[in-house]
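Asks: Provided herewith is a single structure, encoded as structure tokens, for subsequent inquiry.
Every number here is computed from the coordinates shown, using simple stated rules; none is lab data. For clarity, every value in this text was computed on a predicted model and none was experimentally measured. In this analysis, Cβ positions are derived from the backbone assuming ideal geometry, glycine residues included, and neighbour counts consider all displayed protein chains.
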């Protein structure tokens, strides 16, 4: 059987950096796309819609999955575990869990633990304003994406990141920028 790296050699290096489970997941997604992709353009739409060969579509899906995994790996690397946050704040792990549950900490689930972005902490306290901005963001179906939003330049903030705006004391501007997320 042809593998994804046989069809898309430039992915081989990227896939090598992933764990065996992650590679199997991407390979399975590739196989699903190959198996279900249409082989021909629909007759009624052949002049209006250009379809790609299943291999091209599968390679695009695989690249997207690999990018998503790399982004998630970076988020995990730039975050703290529940135990690390407990030590930082000088409280128990149970207190961290309770605070997260009440919306007092920003976190995302990774494997069996919650991860807390480092940028939300100023010394041994939570960065004032970070939670106010977090609460304005839309539905939490893509929590990792919303966590990442805090570190990306925003046009509404003059190409500064929301974290930079919050650190500069411009929480209201960051709240307003958050209100634009998902509003297209």
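Asks: Most exposed first by the Cβ proxy, i.e. fewest other Cβ within 10 Å, how do 150, 121 rank?
Replies: Listed from fewest to most nearby Cβ atoms, that is 121, 150.
Asks: Also: Calculate the radius of gyration of the Cα atoms of the stretch 125-183 to one decimal place, then report Dmax, the largest Cα-Cα distance, as a whole number, both in Å.
Replies: Using the Cα atoms of the stretch 125-183, the pair Rg, Dmax is 10.3, 31 Å.
Asks: Which order do peptides 90-97, 53-60 fall in by mean Cβ count within 10 Å, highest first?
Replies: 53-60, 90-97
Asks: Find the eigenvalues of the gyration tensor of the Cα atoms of the stretch 81-179, then list the square roots of 5 times those eigenvalues as equivalent ellipsoid semi-axes, largest first, in whole angstrom.
Replies: Equivalent ellipsoid semi-axes, largest first: 23, 15, 11 Å.
Asks: Still on this structure: Sorted from fewest to most neighbouring beta carbons within 10 Å, what does the list 26, 31 look like?
Replies: Placing the least packed residue first, the sequence is 31, 26.
Asks: Report the relative contact order of the stretch 81-179, percent, no decimals, based on alpha-carbon pairs under 8 angstrom and at least 6 residues apart.
Replies: This gives 22 percent for the stretch 81-179.
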